[in-house]
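A short write-up of the structure that comes next.
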Amino acid sequence: MPLQDMSHNEQQPESWQTKGKQKLRKLPGVKQIINHLGERKRVSDLDEKSRKLEDAHRRALLTSTSEHDLVRARAERAALEHEVALIRRKKKEQKRLEEKRRRAETERAELVQQERQLYEQQLEDERRADEEQARLEADRRAVAERKRRKAEEKKAAEAAAEAERRKQEAEEKQRIAEQQANAPAPNPPPPVQAAAPAPTATPARVAGVGAQSGPHVELHQKYLALHQKLKLLRQNLSAAKQQYPNLKKDLGDFKRDVRKRMSQFTEQKEKNKEIFRLLTDGVKKGNMAAGPTIDVRDYIVQPLPQDVNQNDNQVPALRIFLLNIMAKSAVQQMIVAAGPKPETADPLGLACVLVFANTDLRWQGFPLSDILLAKLHRTVPVLFGINGKEDTESGRKNLGWAREPHAPDGDWLSEQQSTEKWIGLGAGFAACTLRVYRSPALNPLPPTLFWESTARLLNTPVAERTQAHFFLLKAFVEYATPKIIGTFGRAGALLIRRAIVSYPAESHGAKGANSLASAAIAVKRDYNLIV
């Protein structure tokens with residue numbers, strides 16, 4: 001069938017249905033029924049739609065409630081985890097603080113224990129030193145007693161020999177007289193030989209200077225004599241203990257306090273300031289303690305100013321005693337601490353200058369720094385122009401070589417120990433003498449001492465230069481170059497050049513001369529100084 005006819009046949013039923021509906025609607029009451037049915041359908045549709053919306057709303061509420069519960073659960077879990085984390089963090093912090101507190105208490109207890117051990121060790125060292133001093137004094141007295149007995153025995157033997165000789169001469173004269181009386185012709189008496197003259201005593205040399213001479217040797221002898229006086233001062237104070245009941249306790253307390261302070265210096269300047277104050281206060285307190293007085297002029301080597309009233313010459317013996325203890329401790333710390341680590345010498349030098357410059361510890365404004373210089377003359381005489389050969393006993397004594405502790409006649413210290421000693425003393429001497437004061441009159445250890453000592457070292461003949469010369473100069477240059485140039489300017493730079501360039505070149509092959517070559521490298525590296 002053609003396509004158009006098919007379309008026509010399909011449209012016929014639809015047209016019929018439409019017409020039927022229109023006729024049905026025209027019947028009475030049908031329209032109302034249709035409207036009623038339509039209304040019911042709309043209501044039903046609305047109810048269905050409302051029900052669906054209610055179901056959808058209920059499902060949304062359930063979903064929202066579930067999600068809300070989930071979010072709340074998550075929030076509660078997060079809050080719980082945060083609280084747990086806070087508790088853990090708090091416990092961890094408490095544990096850390098507790099550990100820190102325990103560690104601080106442990107360190108404090110260790111520090112207290114160390115200080116106690118140090119104090120006990122100092123007491124033990126002092127006891128041993130006292131025992132050793134007593135033993136040495138007993139040995140000295142025993143040696144002196146043996147010498148005295150030998151001298152008395154020798155004198156008695158000589159007297160007996162002289163008496164025997166005179167007796168023989170008398171008998172010989174009597175025999176000759178008898179022979180002359182009996183003989184017809186007297187024979188001339190045999191000639192009597194005159195007795196040989198007794199040898200004249202040569203002046204004794206001061207120990208430690210050998211056969212050297214000159215003004216610097218005479219000055220060195222005066223300082224050695226002062227050192228001996230300082231050693232005898234303690235015995236004199238011991239004899240005064242009966243007159244001053246508290247003197248024995250004061251001597252021990254003040255001495256321990258000074259030694260303790262001198263061993264507490266560090267690289268922390270603020271801490272050192274407190275130690276300087278305590279050290280100075282301790283010496284001043286000892287200066288005010290009850291005790292005997294002495295003539296201060298016996299402990300001064302330098303010429304006194306003309307305005308000094310020499311009639312007012314009495315000062316507390318404890319002042320000299322404590323200044324001597326401080327000087328001794330300072331030199332010992334220079335050797336022990338500044339030898340391996342020269343930069344630690346600076347607070348030691350500053351402490352010496354501060355104490356000896358203190359107006360309360362001077363005598364009529366005159367500093368008693370000769371006490372420290374006497375100790376340095378005894379410990380390192382080469383600084384003051386005293387030389388000697390390192391390969392002889394007397395030469396090493398002249399140079400200040402030390403022996404093993406508690407062995408005055410035993411082995412010498414090793415070269416390594418002696419090297420550290422020279423370096424420590426060199427750094428300490430520079431730290432003491434390179435302090436510039438606004439008023440030179442107030443400086444107890446002026447820079448001229450450093451210049452004179454360095455000049456003596458540099459002017460030592462090549463044949464007499466030793467390891468002590470080289471390592472002292474090494475300490476001067478490596479430790480004190482800025483202070484040397486700051487004090488002496490251009491002359492200081494020339495002095496450094498002489499010490500690290502021409503001086504070792506002249507001493508080529510000498511033991512220890514190479515140490516100045518390393519000093520030249522250190523000067524260039526640390527101070528950017530090209531000489």
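The values are calculated or read from the model by the stated rules, or taken from the named source; none is laboratory data. Only a predicted model underlies this, so the values are computations on that prediction, with no experimental measurement involved. Cβ: placed from backbone, ideal geometry, glycine included. Neighbour counts: every protein chain shown. For the accessible areas, the whole protein counts, side chains as well, though only heavy atoms, and no ligand, DNA or RNA atoms are used. Shrake-Rupley method; radii C 1.70, N 1.55, O 1.52, S 1.80 Å.
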Any idea which residue in the stretch 303-319 is nearest to S369 (Cα to Cα), counting only those that are part of a loop (DSSP other than H, G, I, E, B) and open to solvent by 70 Å² or more (accessible area, probe 1.4 Å)?
P303
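Is it fair to say V355 is of a type in the set (A, V, I, L, M), open to solvent by less than 10 Å² (accessible area, probe 1.4 Å) and within 16 Å of L449 (Cβ to Cβ)? Write out each step before concluding.
Values: of a type in the set (A, V, I, L, M): yes; open to solvent by less than 10 Å² (accessible area, probe 1.4 Å): yes; within 16 Å of L449 (Cβ to Cβ): no.
No.
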Examine the stretch 89-110 for a residue that is modelled with pLDDT of 70 or more, closer than 30 Å to I325 by Cβ and open to solvent by 100 Å² or more (accessible area, probe 1.4 Å), and state whether such a residue exists.
yes
Name the residues in the stretch 486-500 that are of a type in the set (A, V, I, L, M) and touching a residue at least 12 places away in the same chain (Cβ under 8 Å), would you?
A493, L495, I496, A499, I500
Restricting the first residue to the stretch 352-370 and requiring it to be without any contact (Cβ under 8 Å) to a residue 60 or more places away in the chain and closer than 18 Å to A431 by Cα, which pairs with a second residue that is open to solvent by 20 Å² or more (accessible area, probe 1.4 Å) and not acidic (D, E) meet a Cβ separation below 8 Å and a spacing of at least six or different chains?
none
Of (1) at pLDDT 70 or above; (2) open to solvent by less than 100 Å² (accessible area, probe 1.4 Å), R141 satisfies all except one. Which?
(2)
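On the basis of being β-branched (V, I, T), crowded, with 16+ Cβ neighbours inside 10 Å and over 20 Å from L473 (Cα atoms), does I335 make the cut? First the steps, then the outcome.
On the way: β-branched (V, I, T): yes; crowded, with 16+ Cβ neighbours inside 10 Å: yes; over 20 Å from L473 (Cα atoms): no.
Taking the combined requirement at face value, the residue does not satisfy it.
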Would a scan of the stretch 510-523 turn up a residue that is more than 26 Å from the chain's Cα centre (by Cα) and surrounded by fewer than 13 Cβ atoms within 10 Å (Cβ to Cβ)?
no
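What residue, of Y527, Y503, is under 25 Å from P381 (Cα atoms) and touching a residue at least 40 places away in the same chain (Cβ under 8 Å)? Show your work before the answer.
Values: Y527 fails: under 25 Å from P381 (Cα atoms).
On inspection, the qualifying residue turns out to be Y503.
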Write out, first by first residue and then by second, each pair whose Cβ atoms fall under 6 Å of each other, whose residues are 6+ apart or on separate chains, and whose first residue, in the stretch 140-159, is outside any helix (DSSP H, G or I) while the second is of a type in the set (G, A, S) and surrounded by 10 or more Cβ atoms within 10 Å (Cβ to Cβ).
none
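Per-residue answers, yes or no, for (1) under 29 Å from L368 (Cα atoms); (2) small (G, A, S); (3) in contact with a Ser or Thr (Cβ under 7 Å, 6 or more places away or on another chain):
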residue	(1), (2), (3)
G424	yes, yes, no
A430	yes, yes, no
E452	yes, no, no
P482	yes, no, no
A491	no, yes, no
